[in-house]
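Only the coordinates and a few stated rules stand behind these numbers; no lab work does. Predicted model, so just to flag it, every value in this text is computed and none were measured. Reconstructed Cβ throughout: ideal geometry from the backbone, glycine too, with neighbour counts over all protein chains shown.
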Amino acid sequence: MKVRILYFARLRETFGLNAEHLQLPDGVNTVGALIDHLRQRGGVWAEELGPGRAFRVAVNQDMAAADAALSTNDEVAIFPPVTGG
Amino acid sequence: MKVQVQIEPFDLNAEVAALQTAGVGAVASFVGVVRDDGEGLAALTLEHYPGMTERALERILVRARERWGFIDATIIHRVGELAPGEPIVLVAVAAAHRGEAFAACEFIMDYLKTEAPFWKKEFGEAGARWVDARVSDQAAAARWGGP
């Protein structure tokens, strides 16, 4: 399946990427599995998305937990904890 | 109920006046300001997630109205570059009585701080840095006992 991934704030800068379209391998069908998949890129990806690091994930503009299912054409966003107000 | 994300400043008096409809006996408003931390903050920029931001703020208003039963409410949050002393966010709640207006205003701000996708980056003498989320903000939202 294919998803669109958006990155914001510090993660956008660290990854040097605003957004990407990604074809996910079979079996990568939850938020948690997607994060594992991205972590395998190594470097800053492994570091920023590693255990103990604070980040949030939204699917189709709603906050999502690691066990949330992904569907094709989903919009997934990965970002640091929010700091507005 | 109104939600706006904008670069321009807002007019507090106009926003409060717009909420004064039939049955309103109290309007509580909160204005958040870019704090001059005394450590050479020159400016900050606010980034957000267009689309999700509005959805998140609207959801907070719906939840607040279910809980406090107020008549109307407005949230305006600014984005882009802001200098110390500039207003950054407005929450105004119109209700029959002050109790629910005060409480809802605080409830809305507490959840805005922890759920709305905004991020601050500070520019100062020491360079640029992304502001870290505060544990105390999580605690402030958690005290309402919500999800």
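For B:Lys121, which aspartates and glutamates qualify as cross-link partners when the Cα separation must be under 19 Å and same-chain residues fewer than eight apart are set aside?
Output for B:Lys121: A:Glu13, A:Glu48, B:Glu8, B:Asp36, B:Asp37, B:Glu39, B:Glu47, B:Glu81, B:Glu86, B:Asp132, B:Asp137.
For segment B:1-52, which GluC sites (Glu not before Pro) are in a loop by DSSP, counting at most 16 other Cβ atoms within 10 Å? If you can, show how the numbers build up before the last one.
On the way: sites: B:Glu15, B:Glu39, B:Glu47; in loops: B:Glu39.
Those that pass, being in a loop and sparsely packed, are B:Glu39.
Give me, ordered by chain and number, the residues 5 or more places off A:Asn60 or on other chains with an amide H under 5 Å from its own placed amide H.
A:Glu75, A:Val76, A:Ala77
Taking springs between alpha-carbon atoms closer than 10 angstrom, which of A:Val44, A:Val28, A:Val57 fluctuates most in the Gaussian network model of chain A?
A:Val44
List the trypsin sites (Lys or Arg not before Pro) in segment B:2-97 that DSSP assigns to loop (not H, G, I, E or B) and whose Cβ has at most 11 other Cβ atoms within 10 Å. Which are they? Present the calculation step by step, with values, prior to reporting the outcome.
Values: sites: B:Lys2, B:Arg35, B:Arg55, B:Arg59, B:Arg63, B:Arg65, B:Arg67, B:Arg78; in loops: B:Arg35.
Here the trypsin sites (Lys or Arg not before Pro) that fit, given the DSSP loop and packing criteria, are B:Arg35.
Report the gain in length on full extension from A:Arg39 to A:Asp67: 0.36 nm times residue separation, minus Cα-Cα distance, nm rounded to one decimal.
Numbers: separation 28, 0.36 × 28 = 10.08 nm, distance 1.67 nm.
Value of the extension gain: 8.4 nm.
What does the charge dipole of segment B:22-71 about its Cα centre add up to, to the nearest 20 debye, if the Cβ of each Lys and Arg holds +1 and the Cβ of each Asp and Glu holds -1?
Working: 6 positive and 7 negative charges, 85 e Å.
Taking the Cα centre of segment B:22-71 as origin, the dipole is about 420 debye.
For B:Leu12, B:Leu46, B:Leu57, B:Leu41, what ranking results if the residue with the fewest other Cβ atoms within 10 Å of its Cβ goes first?
Numbers: B:Leu12 14, B:Leu46 24, B:Leu57 27, B:Leu41 17.
Fewest-to-most Cβ neighbours within 10 Å comes out as B:Leu12, B:Leu41, B:Leu46, B:Leu57.
Ordered by residue, what ³J(HN,Hα) values in Hz, to whole numbers, does segment B:32-48 give under the Karplus form 6.51 cos²θ - 1.76 cosθ + 1.60, where θ = phi - 60° and Gly and Pro are x?
For segment B:32-48, the Karplus curve yields x, 10, 5, 7, 7, 7, x, 10, x, 5, 9, 6, 9, 10, 10, 9, 8 Hz.
Lysines within cross-link reach of B:Lys2: Cα-Cα under 26 Å, excluding same-chain residues under 8 positions apart?
Reachable lysines: B:Lys113, B:Lys120.
From the Cα trace of chain A, what convex hull volume per residue do you get, rounded to a whole Å³?
93 Å³
Of all the C-alpha pairs in chain B, what % are more than 28 Å from each other? Provide the component values of the computation, followed by the final result.
Numbers: 2111 of 10731 pairs.
Tail of P(r) above 28 Å: 20 percent of Cα pairs.
Let me check against my output: what whole-number percent is the relative contact order of segment B:1-134, with C-alpha pairs under 8 Å and at least 6 apart? Intermediate values should be presented prior to the final figure.
Details: 257 pairs, mean separation 49.8, N = 134.
Relative contact order for segment B:1-134 comes out at 37 percent.
What residue among A:Gly32, A:Gly50, A:Gly16 has the largest mean-square fluctuation in a Gaussian network model of chain A, using Cα springs under 10 Å?
Result for chain A, Cα springs under 10 Å: A:Gly16 fluctuates most.
Which residue fluctuates most in the GNM of chain B (Cα springs below 10 Å): B:Glu100, B:Glu58, B:Glu86?
Sorting by GNM fluctuation, first place goes to B:Glu86.
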